[in-house]
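First comes the structure, then the notes that go with it.
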Amino acid sequence: MHVSSLKLWNFRKFGGDAFDLIAPHLEVGFSPGLNVLIGENDSGKTAIIDAVRLVLKTHSYDWSRVDGDDFHKSGERLRIELTLSGLKPEEGKNFTEFLCWEDDKEEVRPFLRLILDVRKNPATGQILPYEVRAGGDADGKQLSPEAKEYLKVTYLKPLRDAEEELVARKNSRLSQILIGHEAFKGKGEGHVLMDHLKSFNLSLENYFEGNDHAGEPIDDQLGKGLKDSIDGYIKQLYQQGKKTGLSVTERGQLKGLLEKLELSILGETRPGLGTLNRLFMASELLHLNKLNWTGIRLGLVEELEAHLHPQAQMQAIETLQKQTEVQLMLTTHSPNIGSKLDLKNLIVCNGSKAYPMGGEHTELDADDYVFLERFLDVTKANLFFSKGVILVEGWSEELFLGEFARLLGYDLTEKGVAVVNVSSLAFIRYANVFKRKAEPHFEIPVAVLTDVDVPFDEEDGTTPGDKANLAAAITAKQKKYDGQCVRSFISPRWTLEYCLSKSNAFKAKFAEIVMAAHNRTDWTDFDATLADKLKRQALAKTEISARLAQALSKGEIKKEQVAGDVHVEYLVKAIEYACGN
């Protein structure tokens, strides 16, 4: 059993003017295993986690309820619907009277639809009483307390205090996990630990009587003296003949014993927050994988990276990806985690939408997933946190573009634009990350910045000067890359470097830098020598681009020189598009 879909109406940032049960303001699907919500700040990741938590509740004693801030703007009604699918017979029996049925022509399968519909008093703004309901119609029927127990989830809040959760105290999270485990569940004073405790308490009693384990007197009589003093006061304050007893737990209850346990790593003293966080996650995984549980096995973890250094983040996400018997919903702001995940496990939150990245949703094929899981590293994974993306094919464009954008008046960092160097011509693989098989489509502007790759002497078709081959190459690349939020920006001539050599704004500085970088080359015929090096791929492109970027940062090229320059206009348009202009 797992959460397969979530629908939201007027819940926090997911809302609108109309309230139509047929058209939720957010609808997102989940896979049975790992689901990682990723995206920039205020993109709705926590809202999704909290919506699930409000409906299902948690195993811990954390209190959660709808409040005024959960309503979208001035809305007076919010609604959350969860669908739980994949119910096994032993799970479905807990919800018999609430189940719905779907027919996919091969078999009829049960699913559980849960509804939380909350309204405000329009006059006072007071939230009216509400309850979680279940069923196939719009209102459902009241869910029984017994059924609710089988729906509770594990929740690790952001910036969690793992040390507080693991220390010995009344109703500690560790004691809640242990008492629900097969080793302790339903067992009381007859548990073997209670026998050990009785034996230990007998030793304590003997000590405070001045005796050893066998009841023989010991040299240390300080404990006896302490107890005799307390007994003396009790006789005076309470009743003659009464004595005190000192023991580890009260009334011999198993729960009381478990509340006195702490979880630690042997040999480590005062472990740091990162170690404690991993220890806490380990204990929660124990709880999620407990035996003979016929309820939902769902873990919600906010900010998985909390208190973890990058290597520990990698270790944690690798462990969680191996959990095949439980469902996990995580949020993260970490590119390290984004780069380590299988792409199909991601749900990208952007704007007011959420986009699952599984193969049934994107235009990526199976080979694309294999490629991206190998090459989508930390520097490229930042595209999931951006407001705009520029895909470039090499270091030359990446080094040059930031300073060129500043010349135009755009700070790409301030605009939240990620320049992603794909280090190849595999643009289509990265571009298709943002192309969907069905609406809603991504709203992130994605610019593919690429060379036309037609040498100057191959531009013409059958008629000299017709530029037919050049035009055909541009059209072919546009057809290949363009679609939905993705637009291609193609060099009007051969390569970036060739365009710079022909640009009115850059040609003088470019020639100066090229000749300095290749100072042993005869540059008498600059155009011919440059063309030869480009054809042989012998030009020091990265060094030249870095020096040109430095010249831009020093103000050696002016903005007004670029205006109307047809050879760099494609760069200008790519930057403007990615920045939302």
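The values are calculated or read from the model by the stated rules, or taken from the named source; none is laboratory data. Only a predicted model underlies this, so the values are computations on that prediction, with no experimental measurement involved. A quick note on method: Cβ atoms are made from the backbone with ideal geometry, for glycine too, and the neighbour counts reach across all protein chains shown.
Summary table below
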item	result
Tally of residues being aliphatic (A, V, I, L, M), surrounded by 15 or more Cβ atoms within 10 Å (Cβ to Cβ) and free of Cβ contacts under 8 Å to residues at least 40 places away in the same chain across region 522-539	1
Selection count where residues are in contact with a Lys or Arg (Cβ under 8 Å, 6 or more places away or on another chain) and over 28 Å from Asn581 (Cα atoms), scope region 362-392	4
Tally of residues being free of Cβ contacts under 8 Å to residues at least 40 places away in the same chain and buried (at least 16 other Cβ atoms within 10 Å of the Cβ) across region 159-208	3
Region 73-126, residues that are of a type outside the set (Lys, Arg), out of contact with any His (no Cβ under 9 Å at 6 or more places or on another chain) and closer than 18 Å to Ala51 by Cα	Gly75, Glu76, Ile80, Glu81, Leu82, Thr83, Leu112, Leu114, Ile115, Leu116, Asp117, Val118
Residues of region 559-581 satisfying the condition of being touching a Leu at 6+ places or on another chain (Cβ under 8 Å) and part of a loop (DSSP other than H, G, I, E, B)	His567, Val568, Cys579
Residue list for region 458-517, restricted to those being in a loop (DSSP other than H, G, I, E, B) and β-branched (Val, Ile, Thr)	Thr462, Thr463, Thr495
Matching option when the condition is under 17 Å from His287 (Cα atoms) and within 29 Å of the chain's Cα centre (by Cα), among Arg160, Arg173	Arg173
First in region 504-521 and assigned by TED's automatic domain parsing to the domain that holds Ala546, second anywhere and of a type in the set (Phe, Trp, Tyr) and outside any helix (DSSP H, G or I), Cβ under 7 Å, 6 or more apart	Met515/Trp523
Region 83-96: number of residues that are loosely packed, with under 15 Cβ neighbours inside 10 Å and under 28 Å from Leu178 (Cβ atoms)	3
Inter-residue pairs, beta-carbon under 7 Å, first within 19 Å of Ala516 (Cα to Cα) and in region 543-571, second of a type in the set (Val, Ile, Thr), 6+ apart	Ile544/Ile513; Ile544/Val514; Arg547/Ile513; Leu548/Ile513; Ala551/Ile557
Selection within region 365-408 - aromatic (Phe, Trp, Tyr) and within 29 Å of Lys554 (Cα to Cα)	Trp395, Phe400, Phe404
Residue in region 484-505 that is farthest from the chain's Cα centre (by Cα), counting only those that are over 24 Å from Ala538 (Cα atoms) and surrounded by 18 or more Cβ atoms within 10 Å (Cβ to Cβ)	Ala505
Residue match in region 60-82 (condition: assigned by TED's automatic domain parsing to the domain that holds Val326, over 30 Å from Tyr355 (Cβ atoms) and buried (at least 18 other Cβ atoms within 10 Å of the Cβ))	yes
Filter result (crowded, with 22+ Cβ neighbours inside 10 Å and either in a loop (DSSP other than H, G, I, E, B) or touching a Leu at 6+ places or on another chain (Cβ under 6 Å) (or both)) within region 378-395	Ser386, Val389, Ile390, Val392
Strands (runs of 3 or more DSSP E) contained entirely in region 1-103, each with at least 3 residues that are charged (D, E, K, R)	77-85
Unique residue being touching a residue at least 12 places away in the same chain (Cβ under 8 Å), closer than 29 Å to Leu84 by Cα and not assigned by TED's automatic domain parsing to the domain that holds His25 when the list is His361, His333	His361
Flag for Ala316 being small (Gly, Ala, Ser), crowded, with 19+ Cβ neighbours inside 10 Å and closer than 30 Å to Lys185 by Cβ	yes
Test for Gly44: is it within 20 Å of the chain's Cα centre (by Cα) and either within 30 Å of Glu414 (Cα to Cα) or buried (at least 23 other Cβ atoms within 10 Å of the Cβ) (or both)	yes
One residue from Gly295, Gly245, Gly225 being part of a loop (DSSP other than H, G, I, E, B) and surrounded by fewer than 16 Cβ atoms within 10 Å (Cβ to Cβ)	Gly245
Residues of region 298-311 satisfying the condition of being touching a Phe, Trp or Tyr at 6+ places or on another chain (Cβ under 9 Å), in a loop (DSSP other than H, G, I, E, B) and either more than 30 Å from Phe95 (Cα to Cα) or among the hydrophobic types (A, V, I, L, M, F, W, C) (or both)	none
Failed item, numbered, when Glu439 is tested on (1) over 30 Å from Ser43 (Cα atoms); (2) free of Cβ contacts under 8 Å to residues at least 40 places away in the same chain; (3) of a type in the set (D, E, K, R); (4) not in a helix (DSSP H, G or I)	(1)
The lone exception for Gly465 - which of (1) surrounded by fewer than 16 Cβ atoms within 10 Å (Cβ to Cβ); (2) touching an Asp or Glu at 6+ places or on another chain (Cβ under 6 Å) it fails	(2)
Cross-chain or 6+ apart pairs with Cβ under 8 Å, region 461-490 first and in the same structural domain as Ala431 (by TED's automatic domain parsing), then surrounded by fewer than 15 Cβ atoms within 10 Å (Cβ to Cβ) and of a type in the set (A, V, I, L, M)	Gly461/Ala468; Gly461/Ala472; Thr462/Ala468
Given (1) modelled with pLDDT under 95; (2) over 16 Å from Asp451 (Cβ atoms), index of the condition Gln537 fails	(2)
Search result, residues across region 9-55 that are closer than 17 Å to Leu116 by Cα and aliphatic (A, V, I, L, M)	Leu21, Ile22, Ala23, Leu26, Val28, Ala47, Ile48, Ile49, Ala51, Val52, Leu54, Val55
Filter result for Asn211 (without any contact (Cβ under 8 Å) to a residue 40 or more places away in the chain, surrounded by 15 or more Cβ atoms within 10 Å (Cβ to Cβ) and either over 21 Å from Val66 (Cα atoms) or among the small types (Gly, Ala, Ser) (or both))	yes
